Structures are given as structure tokens and as C-alpha cells.
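Comments concern the structure below.
The values are calculated or read from the model by the stated rules, or taken from the named source; none is laboratory data. Quick caveat, the model's predicted, so the values are computed rather than measured. Neighbour counts are summed over all protein chains in view; Cβ atoms, including those assigned to glycine, are modelled from backbone coordinates with ideal geometry.
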Amino acid sequence: MNLRAHHLKLGADAESDAARYLIKQGLKLKTRNYRSRWGEIDIIMNDGDVLVFVEVRYRSRNDFGSAAETIDHRKQQRIARTAFCYNQENNLHDDVAMRFDVVLIENYDKHASHNNAKIDWIKNAFDACLD
């Protein structure tokens, strides 16, 4: 497996682990890997009546910064625009309650004999900013 394929597989595994973690916390899975022309949302869930858009970030090492540092304002805008596309495609009203969460997974190596991964779930990590 080449490096890019390995990285994509590791990312998909991290998203699966994040989804399982959130389901254990009581959220209900709606869909994964939703794509629009603006970008992709890793996981979309319901937390009661709230529609939750989840960005998953993982790092196997912190040599190049933490997972949280990779979600800048531009990335937040892309996620928000993609969320609004999802709402339009699914005929959801503008007043639907929604939230943007981030799941950070540090020290992640799915195939290591000892996985010391640390999962942080940040609710309301950012607002739907489109400007």
C-alpha cells in the first residue's frame, strides 16, 4: 500500500472510530462523508433534535502541530457552506437547530499493538460563519 492509500485508510478508520464514540455518547448517525461543491463533512448525526455536523481530525504524532490547529477559519467556512447545502438538499428549514462539533484524535495508529489514542469531543467548536 502506498503512503497516500495508507493515509486515506487511516483517516477512514479514524472517522469510523469517532462515529462509534459519538454513538456511545447517545448521538444517532445520519450519514458519513457527505460531499458538496464546497467540501466534505465527515459525519452528520442527530443529538436529540439538533443536527450535528462533525469534523474529525487525527494525528499519529504531534511533530507538525496538534489536530485542532488544522481547523482554521477558512476550513470552518467550507464546513458551514457544506452544511447549508446538506440542509437544502434534504429540504430542512433554515430554523433547524444545528451544531458544529470537532472530534480530535491524538496519537492515533489503528494498527499499532498499543493504541494510546486520546479522543477529545468539542461540542459547538465553531459557529456557522460564512463571511
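Within region 22-39, being touching a helix residue (DSSP H, G or I) at 6+ places or on another chain (Cβ under 7 Å) and either touching a residue at least 24 places away in the same chain (Cβ under 8 Å) or assigned to a loop (DSSP other than H, G, I, E, B) (or both) holds for Tyr34, Ser36, Trp38, Gly39.
Here is a check on your reading of the model: is Arg99 assigned to a strand (DSSP E or B), modelled with pLDDT of 95 or more and surrounded by 12 or more Cβ atoms within 10 Å (Cβ to Cβ)? Steps first, answer last, please.
Working: assigned to a strand (DSSP E or B): yes; modelled with pLDDT of 95 or more: yes; surrounded by 12 or more Cβ atoms within 10 Å (Cβ to Cβ): yes.
Yes.
A residue that is modelled with pLDDT under 95, basic (Lys, Arg) and assigned to a loop (DSSP other than H, G, I, E, B) occurs somewhere in region 59-69. Selection over region 21-45 of residues that are exposed (fewer than 11 other Cβ atoms within 10 Å of the Cβ) and either farther than 16 Å from Lys123 by Cα or in contact with a Pro (Cβ under 8 Å, 6 or more places away or on another chain) (or both) gives a count of 1.
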